Amino acid sequence: MSPQLTPQEVAAGDELATLTEKIWGWYLAGGILSILFGFFVLSYKTATLYAVAYFAGAFFLAVGIFQVIGSFRAAKFRWAYLIMGVISIGGGIVCLVWPHITLYVIAIIIGWMLLFWGVTDIVGSLMSRQVPYWWLYLIRGIISIFLGIWAIRHPGNALVVLVVVIGFWCVLYGTIETIGAFSARHAVRNWEAMKHELGV
């Protein structure tokens, strides 16, 4: 049975689709920058603790700000995106202000952030299966959880783990955001088609 939308959800969807289509270019730019950042981290041959800390801090701070802003546009799970953004900003500030803390602590911070992001992505994707490419966010959530667990529990070289985790996750995040940007470019058309399917 197809889910039924309330008048409030329809109005919120109309507003969100219009806004998303207007700012799709920002999603595209953010996705491309994230991919480039990820490859840069992965190719950083002489990485040091400070470099990894600054890389992680800058990225998570930027993602956190976008998540907080995005939470005000989210039709569902607004609280989850807001919490995720606040946690990301907090983790980013810690890495930037105290870059001299141990690799173990940085790995724990990043690991737990990825675990929370993964759960949020999985829940959000399963609750938004009518949205195009919802399964990409499901995949990102699953991979984020595995990366988070690896960052927390890997017994090997923490520096290598962090470089791989941060670099790979940035590439993954950017790729999905880039794909999502092209979908957002036609958000109004997609939303109207979905409403038609639901008989709204």
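No value in this document is a laboratory result; all are computed from the given coordinates. Nothing here was measured: the structure is a model prediction, and the numbers come from that model. As a convention, Cβ positions derive from the backbone with ideal geometry for all residues, glycine included, and neighbour counts pool all protein chains shown.
Quick look at the values:
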quantity: Gain upon complete extension [residue 196, residue 142; 0.36 nm per residue less C-alpha separation]; calculated: 16.3 nm
quantity: Exposure proxy order (Cβ contacts within 10 Å, fewest to most) of 146, 60; calculated: 146, 60
quantity: Computed lengthening from residue 105 to residue 182, 0.36 nm per intervening residue step minus Cα-Cα distance; calculated: 24.0 nm
quantity: In sequence order, calculated HN-Hα J values of region 180-189 (Karplus, 6.51, -1.76, 1.60; Hz; x Gly/Pro); calculated: x, 5, 5, 6, 5, 4, 10, 4, 5, 4
